[in-house]
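Participant: Here it is: the structure, laid out below.
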Amino acid sequence: MKVFLTTVTIIVLSHASAWAQVDIRPSPDSTHYFYEPHPLQTGENIFNLGISIDILPEAIVEQEVPAPVVDFQYKHGLSPAFSLYSDLSTNYFTNVLEAGVQWNTGDNGLSFAIGSGLNGFAGSYSLGGEFDNTTAAALAYVPIIEIGHRFEKVSLSLHLAADYIIYAQTRISSLYDNGLQHRVNDIWATLTFEQPFYGNTRVSTGISVTYSRTPYQIWMLFDSFDEYVIIPEFFFSFQL
């Protein structure tokens, strides 16, 4: 919890100066961000590269442990009303690929989006001996709701989502478990600040909080912890 509060304080303070210099009246602007649900132009592409750090709870790993992941994100404007999004997160042992379509509406001030997609998970590692060939795989349906507000070139967005597990299996050698199938496993909210940083560089920083029974970040523990926990995540990315 100390790690969570310290990181939140740093993020808020880092944005204080930017917000103080911004006129809160929205104005027309062609600047678009990945997390902001503002409609894109037809054929417009947004590429993001970043890193996210999840804080694993003491209830599962005995002490708070940071788990870093590299994120590659893509968004494509199919039309002013619809956009395609995808997100690949990996740290080699854990890999998550999400893709879907969302409907966007709004103006240069307030924007809104609803959508849905599929989330695929795959993990693998080997320690040898009785724990050789440890693997996990899952497929989930993910509905989303997003709302954003633009303060000139600074954007504040809220992303709400949940996943319903269609298929899941964790296997250690000859042992396996399919207990997560056919139920909601995660509900999460993400608050994101996006703004120009230097020249044409645009950055995104934010906080995500997940309410989960079996967080994908700890799949390799072959977890039998049958209780929902809260997983905070902090992330930073920039547009390519």
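Participant: Read through the list (1) assigned to a strand (DSSP E or B); (2) modelled with pLDDT under 90, then give the number of the only condition that Ala59 fails.
Facilitator: The single condition Ala59 does not satisfy is (1).
Participant: The conditions are (1) at pLDDT 90 or above; (2) assigned to a helix (DSSP H, G or I), and Glu130 fails exactly one of them. Which is it?
Facilitator: (1) is the only condition that Glu130 fails.
Participant: Has the range 159-169 got at least one residue that is at pLDDT below 95, in a loop (DSSP other than H, G, I, E, B) and either acidic (Asp, Glu) or surrounded by fewer than 21 Cβ atoms within 10 Å (Cβ to Cβ) (or both)?
Facilitator: Checked against the condition, which is being at pLDDT below 95, in a loop (DSSP other than H, G, I, E, B) and either acidic (Asp, Glu) or surrounded by fewer than 21 Cβ atoms within 10 Å (Cβ to Cβ) (or both), the range 159-169 yields no hits at all.
Participant: Just to verify a result, which residue in the range 94-107, among those that are surrounded by 15 or more Cβ atoms within 10 Å (Cβ to Cβ) and touching a residue at least 40 places away in the same chain (Cβ under 8 Å), is nearest to Leu160 (Cα to Cα)?
Facilitator: Gln102
Participant: Sticking with this one: What tally of residues in the range 93-118 results from selecting those that are at pLDDT below 95, of a type in the set (D, E, K, R) and closer than 23 Å to Ser52 by Cα?
Facilitator: 0
Participant: Test Leu88 against the criterion of being over 19 Å from the mean Cα position of the chain (by Cα), modelled with pLDDT of 95 or more and not aromatic (Phe, Trp, Tyr), and give yes or no.
Facilitator: no
Participant: Can you name the residue in the range 208-230 that is in contact with a Ser or Thr (Cβ under 7 Å, 6 or more places away or on another chain) and under 23 Å from Asn95 (Cβ atoms) and is also modelled with the highest pLDDT among such residues?
Facilitator: Top of the filtered list is Ser208.
The values are calculated or read from the model by the stated rules, or taken from the named source; none is laboratory data. Since the structure is predicted, the reported quantities are computational estimates derived from the model, not experimental observations. When we count neighbours, we look across all protein chains shown, and the Cβ atoms used for this are built from the backbone with ideal geometry, even at glycine.
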